[in-house]
1. Report, by residue number, each residue of the range 111-132 that is surrounded by fewer than 17 Cβ atoms within 10 Å (Cβ to Cβ) and in a helix (DSSP H, G or I).
2. From 59, 79, 104, grab the single residue that is under 21 Å from residue 132 (Cα atoms), out of contact with any helix residue (DSSP H, G or I) (no Cβ under 8 Å at 6 or more places or on another chain) and in contact (Cβ under 8 Å) with a residue 24 or more places away in the chain.
3. Within the range 15-29, is there a residue that is touching a helix residue (DSSP H, G or I) at 6+ places or on another chain (Cβ under 7 Å), modelled with pLDDT of 85 or more and under 30 Å from residue 121 (Cβ atoms)?
4. Select, from 94, 73, the only residue that is closer than 24 Å to residue 35 by Cβ, part of a helix (DSSP H, G or I) and at pLDDT 85 or above.
């Protein structure tokens, strides 16, 4: 799981370049978009694995939304996997660290939900900020 989270972190880091390097496109598939990132392999992996495969985005905003959805899926999975660790804590310090970790996942999920909500007016900058925050919480 740590390797998958690490790859996801690399993928998320690569998204920081989207706001300045990608423009709208009429062609290409997810692989084309991922090839525009500094780390195409993790991008391709996470865009093609999981609950569903994504269709080719036509614009940068569509690809960014897909990235937000992948970030949400990964955050929910990680939170689910970490919940059972509470019983493995050996002392109060470990329990406190575990509780902090769960809180960060809850906060990340809440912010990603808000960002993905069509009723919320999120700018590209807002979305990039929450993708970056999701990355930081995973380290």
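1. Scanning the range 111-132 gives 113, 114, 116, 124, 125, 126, 129, 132.
2. 59
3. Checked the range 15-29: no residue is touching a helix residue (DSSP H, G or I) at 6+ places or on another chain (Cβ under 7 Å), modelled with pLDDT of 85 or more and under 30 Å from residue 121 (Cβ atoms).
4. Being closer than 24 Å to residue 35 by Cβ, part of a helix (DSSP H, G or I) and at pLDDT 85 or above holds for just one of 94, 73, which is 73.
The values are calculated or read from the model by the stated rules, or taken from the named source; none is laboratory data. Fair warning: this is a prediction, and the values are worked out from it, not measured in the lab. Reconstructed Cβ throughout: ideal geometry from the backbone, glycine too, with neighbour counts over all protein chains shown.
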